[in-house]
Amino acid sequence: MSAARWRWWWTPLFFLALALVWTWPAALASGEQLVGRHFDVPASLWFLGSSPRLLTSLTDPMTGWPDGVTYGRPDSFTALALGWAFQWVHPGRIYGLAQIVGVAATAWAAEAFAREIGARAPWSLLAGLAVGFCGLASTALLEGYVYHMLAPWLPLFALFWWRACRGGSLGDGLLAGVMFSLTLLTTAYLGIAAAVLLIGFAAGGLFRREVSPRAWAGAAAVAVPVCAIYAASFAVGGGEDAAAAAGEASWRVSTMGRSAHLLAMAGPTASQDQFAHSASATPPIATLCVAMVAPVALRGLARWRALALTGFGALLLSMGPVLGSPEAHLFPLPLALLEHLPGHTLLRFPSRLGWAWIVCGGALAARAATHIAPRAGRPTLVLFVFAFVDLFVIERLPHRQQLQNGTTPSAYAAHEGPLLDLFPEQLSRGYEFDAWVQARSCYHQLDHGRPIASDCVITRSEDNPGWQKSRTLNALLLSGDAAEAGALLRGWGFETVALRPDLYRSHDRDRMLAALAALDPEPAVSTDGGEHLIAYRVPP
Amino acid sequence: MLTLALASALQVATAAPQTVRLEVATAAVDPRLVVRVDAVWLGEARSVTLRDDGAATGDVAGDGVWLGELRGEAVSMLPLTITVERGSSSGVVAWEGSEPIALGEDHLSWALELGDTPRAYRVAATATSREARGREAAAVTAPIAWACFVLIYAAWLVERALREDAP
């Protein structure tokens, strides 16, 4: 297939069809069945579904009852806007469609960037396959951070900033600024990845003396005010800083597990899906290998070295602060320099900076393949077979994807007013259990619409007001002090307390049921929505 | 037609009963061993004795992997207790906790270490702990080997292209 015969609209169609298969069963996602493996799925759905409310004020009286919660550091402003724009659609469906469209759009944008630096179709598709369908993308889909896939802005920023650093126009600069802002507003990590591209391409432009001051001024005119507002919001937003709480001394060790270390890059294992939130940084292997030989293939040609060096730098940054294991630090990597900066502990997932190297590596590989193909002939087409092996055999999507029950228990609808969900404490993998039950508690609010006690963004159980109140109530009810429990509930303003008795050990369950029966002898009971729920009305 | 097919698939997925496959693997095969799993399924107490007699699909009798299954209406979180009995001794609780359950079909696996006090550990796939380590190692090394192969192929392509360029 030659570039001349390739129609431009084949590219988005190709990526859309492939995304439909790769993200399956996202096309079937709805309010009854949610697509994703981990607890961030219901949490993200709450975020999408609550966005019309959160956009009017980031201080939310409907969660963290009775005090409310200020979500000053929302994970993604883009997701907020998406949820607001499509508020007439169930968030479960938005979430599923966003997976398909996000993957396809990101791939298409990466393909466009590859064409910008000299690749030609169909070889430019290699860049789209690399970026839209990489290990970081599969992690986002499985773990539940769909907004990481709403990021065609990153490759588009690369495209316009590349132009701006190569004598581009004011329009190129303005568009680069817009794309940088959208990337930052999509997630902070993608914003940092864009900053790596910004520095690398700018250095290349300065070295070749091809920089366009007009374009740079245009980019700064848009991006600087947005960054300033974002930073101000971040600074006053408060919220948790778990890494800081854990102590700076542990930053190196804690970030190593969240970096693109050699094991994480080798391929996702069943254990990663089961116990590590499906977090893998598996690179698109075909692309990586072609990018590795690109310096030889493109020898003597111009306009690829800044791309290669920027990609290599981003890869090093994504590998975390040290090379080695928690027991033996072999030698520090460039990210270790951040330790001297205040607030460095906020950077908890260096592997996500890998988006920058995949954008560069994908474009570089596509350009190299474009250059090789006319000379090496048909064997070059095998690279597409390799890319498909990466997608379906190495990444193993859609095989690894799962469905979650999204139906809300009907007992929630028996009463009105603020409600408190009670949960036991589980010793084994307690963090996972707490996060699951709190996320589902938040998700159900989309349906019942009643104020709840949980903070729906915080991840540390001990800091979650819902977890704290549940713990206090559990202690009172287990001791049989129903009167004191009732008084406390009334004091907080709750009108319903919801119990999932199955999750308690049998002897605790009996005591909880006996104590709560004193509050409401005829509670509402339901077993739909995948949960056995008993809702007790708090007596006035 | 496509809409109908999607709607049909959607309906099937929603209406399908929940199946949870339970798998416990032991390294030491003990014919006196009895592995029982107790669950509370939407308020109803359930109990299943796992078997290693080859009756289940894909099971090999006496291989140390004990299988069982629970079915019912869709459940999101399942509290489970694994009790192990050996001979005439009374049952010992080897594991207890609650696990999130994927909609439709899910499987839960444990590795059981027998000793004075049997203990079970959640694992990702049915296997003894030694086998599980082997599988994990294979899952890591296979992509590395694949990368080496692809790199050699890419280098061969470049060499082929450069040969064409040579005068």
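The values are calculated or read from the model by the stated rules, or taken from the named source; none is laboratory data. Here the structure is a predicted model, which means the values were calculated and not measured. Note that we place each Cβ from the backbone using ideal geometry, even for glycine, and neighbour counts take in every protein chain shown. Protein only, heavy atoms only, side chains kept; ligands, DNA and RNA dropped before computing areas. Shrake-Rupley method; radii C 1.70, N 1.55, O 1.52, S 1.80 Å.
Calculation over all alpha carbon pairs of the range A:152-217 in 5 angstrom steps from 0 returns a P(r) of 4, 23, 31, 24, 13, 4, 1 percent. Considering only B:Ala25, B:Ala155, B:Ala145, give the residue with the highest GNM mean-square fluctuation for chain B, with springs between Cα atoms whenever their separation is below 10 Å. Among B:Ala25, B:Ala155, B:Ala145, the largest GNM mean-square fluctuation belongs to B:Ala155. Taking only the alpha-carbon positions of the range A:157-290 and ignoring solvent, what does the Debye formula give for the base-10 log of I(q)/I(0) at q = 0.17, 0.22 Å⁻¹? Log10 of I(q)/I(0), two decimals: -1.03, -1.16. Here's the picture: charge each Lys and Arg Cβ at +1 and each Asp and Glu Cβ at -1 in the range B:23-163, and of B:Val37, B:Gly54, B:Ser90 the one pushed furthest to the positive end of that dipole is B:Gly54. Spatially, the range A:347-378 and the range A:49-83 are offset by 37 Å when compared through their Cα centroids. Chain B and chain A together bury an accessible surface of about 4200 square angstrom, both sides counted, with a 1.4 Å probe and no ligands or nucleic acids included.
The helix-based estimate of mean residue ellipticity at 222 nm for the protein assembly as shown, built from -39,500 (n - 2.57) per DSSP H run of four or more residues and divided by its residue count, is -15500 deg cm²/dmol to the nearest 500. Reported value for chain B: 186 Å³ per residue, from the convex hull of its C-alpha atoms. Taking every DSSP bridge with both residues inside chain A, close to 75 percent are antiparallel. If you plug the beta carbon distance of A:Leu478 and A:Thr56 into 1/(1 + (r/R0)^6) with R0 = 51 Å, you get a FRET efficiency near 0.80. Heavy-atom accessible area with a 1.4 Å probe sorts A:Arg429, A:Arg209, largest first, into A:Arg209, A:Arg429. Charges were assigned to the Cβ only: +1 to each Lys and Arg, -1 to each Asp and Glu. The resulting dipole of the range B:2-124 about its Cα centre is roughly 100 debye. Isolated cysteines of chain A, defined as having no other cysteine beta carbon under 4.7 Å away, are A:Cys134, A:Cys165, A:Cys227, A:Cys289, A:Cys360. Using a probe of 1.4 Å on the protein chains alone, the accessible area found for A:Arg303 is around 90 Å². Give, as a single signed number, the net charge of other residues whose beta carbon lies under 10 Å from the beta carbon of A:Pro465, with Lys and Arg counted +1 and Asp and Glu -1. It works out to a net charge of -2.
Using a probe of 1.4 Å, the accessible surface attributed to A:Leu184 totals some 20 Å² when neighbouring protein chains are kept in position. Counting only Cβ charges, +1 for Lys and Arg and -1 for Asp and Glu, the dipole size of chain A around its Cα centre is about 2880 debye. With K and R counted +1 and D and E -1, the other residues having a Cβ less than 13 Å from that of A:Gly361 yield a net charge of 0.
Exposed loop sites are taken as GluC sites (Glu not before Pro) in a DSSP loop (any state but H, G, I, E or B) with at most 16 other beta carbon atoms within 10 Å; the longest stretch of chain A without one runs A:1-209. Note on chain B: with a GNM built from Cα contacts shorter than 10 Å, the maximum mean-square fluctuation among B:Thr81, B:Thr57, B:Thr26 falls on B:Thr57.
Cα-based radius of gyration for the protein assembly as shown, normalised by 2.2 N^0.38 Å, reads 1.02. Taking the DSSP bridge list for chain B and keeping only pairs wholly inside it, about 80 percent are antiparallel. Here the range B:32-89 and the range A:272-317 have alpha carbon centers that stand 46 Å from each other. Placing unit charges on the Cβ atoms of the charged side chains and taking the dipole of chain A about its Cα centre, the candidate lying farthest along the positive direction among A:Tyr412, A:Gly96, A:Pro284 is A:Pro284.
Using Cα-Cα distances under 8 Å and only pairs 6 or more residues apart, what relative contact order does chain A have, in percent? Spell out each step's value before the answer.
Working: 1023 pairs, mean separation 100.1, N = 540.
Normalised by residue count, the contact order of chain A is 19 percent.
The relative contact order of the range A:388-540, computed from alpha carbon pairs under 8 Å that lie at least 6 residues apart in sequence, is 30 percent. Label-to-label distance for A:Ser233 and A:Ala203 is 3.0 nm, based on points extended 7 Å past Cα in the beta-carbon direction.
Computed from the Cβ-Cβ distance with R0 of 35 Å, the FRET efficiency linking B:Thr19 to B:Cys148 stands at 0.30. Taken about its Cα centre, the range A:65-224 carries a charge dipole of roughly 480 debye when the Cβ of each Lys and Arg holds +1 and the Cβ of each Asp and Glu holds -1. The residues neighbouring A:Arg396, those whose beta-carbon lies less than 13 Å from its own, together hold a net charge of -1 under the Lys/Arg +1, Asp/Glu -1 convention.
The relative contact order of chain B comes to 23 percent, based on Cα pairs under 8 Å that sit 6 or more residues apart. The simple Förster model, with R0 at 41 Å and r as the Cβ-Cβ distance, assigns A:Val393 and A:Ala487 a FRET efficiency of 0.10.
Projected onto their three principal axes, the Cα atoms of the range A:400-540 cover extents of 48, 30, 27 Å, largest first. Note on A:Val296 and A:Val253: the model spin-label points, each 7 Å out from Cα along the C-beta direction, lie 4.3 nm apart.
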